[in-house]
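Data block below; observations after.
The values are calculated or read from the model by the stated rules, or taken from the named source; none is laboratory data. What you see is a predicted model, and the numbers here were worked out from it, not measured in a lab. When we count neighbours, we look across all protein chains shown, and the Cβ atoms used for this are built from the backbone with ideal geometry, even at glycine. For accessibility, only protein heavy atoms count, side chains too; no ligands or nucleic acids. Shrake-Rupley method; radii C 1.70, N 1.55, O 1.52, S 1.80 Å.
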Amino acid sequence: MTCRPKSKEKKTQIREYHTPDCGLFFQAERVIFRRKSRFQKIEIIHNDTYGKMLFLDNLVQTTENDEFFYHEMLVHPSMMVHENPERVLIIGGGDGGALRECLRYPIRQGIMVEIDSEVIQAAQEHFPWLKKIREDDRAEIIVGDGREYVEKKDAEFDVILVDSSDPVGPSQVLHQIQFYENLKKRLRSGGIAAAQVGSPLYHKEAVRRTVSELGTIFSRMRLYTAPVPTYPGGVWCYVFLSDDREPEKLRREPPAGLKYYNPETHRAAFSLPNFMRELLPGKGSQILP
Ligand code: AG3
């Protein structure tokens, strides 16, 4: 089926290049917010297909209509496997989607450390969930550098989630081995961490390097995957990191109201296609028992 463009009228488009010769474009019915912060260009547009969309330096981060794929799969695999997640830390994730998913559980505290206060402000104004999070006493939002936070603070967490941007560019420090060494020190025993690690197609070498390094820090490093329609290549990679937990044992019923995550999508996420097995150290299979 071919689709005709909506109108001949010239509207603003944001184009995200995935390689020098391909990418995705999104037509802005309205530009809702555009500003350069100390760290990056922040834009929120309204697109009739995806709703409100947040871009940082021209890279799609969150859209109202497909954010659930990404956030549910970043958060729930770890939260469902941990025995009793009470304290959760999120590094990055200024739009609040990851924190919102954590607050579906009866946790005691969820802390989000985001470096760019202007991302938080813009998201709070334009994405409905961040306002609600602000009213939840269990949630704490800190404006600060996540890398320094895991290095300097001595707090400990049951689950730590890294919701950074791509493994290339300004977020690169959040994909480096030193960051994960410090992050591990912030995990309580039995703790689990998860992180997004990029596209298996377009960030292949970065994913390969990250998983190989993480395999030296955590005894259990599992690569998993989920579709995210607006991200480059439509398929995204995450890692599940722990010293003693395998991702196969789910400890509770999933919270109500999820749109993507369930025990079957959980299992399926860890079953890797061949080209992704190739990215693993030892190139092994990691099919769950
Ligand atoms: N963090 C991962 C964004 C990766 C998108 N990459 C891209 N469009 N090239 C998303 C933050 C949402 N909480």
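Computed from the Cβ-Cβ distance with R0 of 25 Å, the FRET efficiency linking Glu125 to Leu24 stands at 0.50.
Relative protection proxy for 49-55, 244-250, from highest mean packing down: 49-55, 244-250 (other beta-carbon atoms within 10 angstrom). Relative to the longest principal axis of the Cα atoms of the chain, the long axis of helix 67-81 makes an angle of roughly 10 degrees.
Modelled this way, with points 7 Å down the Cα-to-C-beta line, the labels at Glu135 and Arg277 are 5.0 nm from one another.
Beta bridges from DSSP with both residues in the stretch 14-112: antiparallel share about 85 percent, rounded to the nearest 5. Taking packing as the residue-averaged number of other Cβ atoms within 10 angstrom, the listed peptides 189-198, 99-108, 141-150 run from highest to lowest as 189-198, 99-108, 141-150. Straight Cα distances below 18 angstrom link Lys41 to the lysines Lys52, with same-chain residues fewer than 8 positions distant left out.
Near Phe39: Cβ cut-off under 13 Å, other residues only, Lys/Arg at +1 and Asp/Glu at -1. The net charge is -1.
Looking at the stretch 1-141, the accessible area is 50 square angstrom per residue; that uses a 1.4 Å probe and ignores ligands, DNA and RNA. Near Asp243, once Lys and Arg are set to +1 and Asp and Glu to -1 for all other residues with Cβ below 9 Å from its Cβ, the sum equals +2. Taking 7 Å steps out from each Cα toward its Cβ at Ala155 and Asn262 produces label points 3.5 nm apart. Counting heavy atoms of the protein chains alone, Ser117 has an accessible area of about 40 Å² for a 1.4 Å probe. Directionally averaged projected area (the stretch 122-217, Cα convex hull): 7.6 nm². In terms of overall dimensions, the C-alpha atoms belonging to the chain reach 57, 44, 36 Å along their principal axes, ordered largest to smallest.
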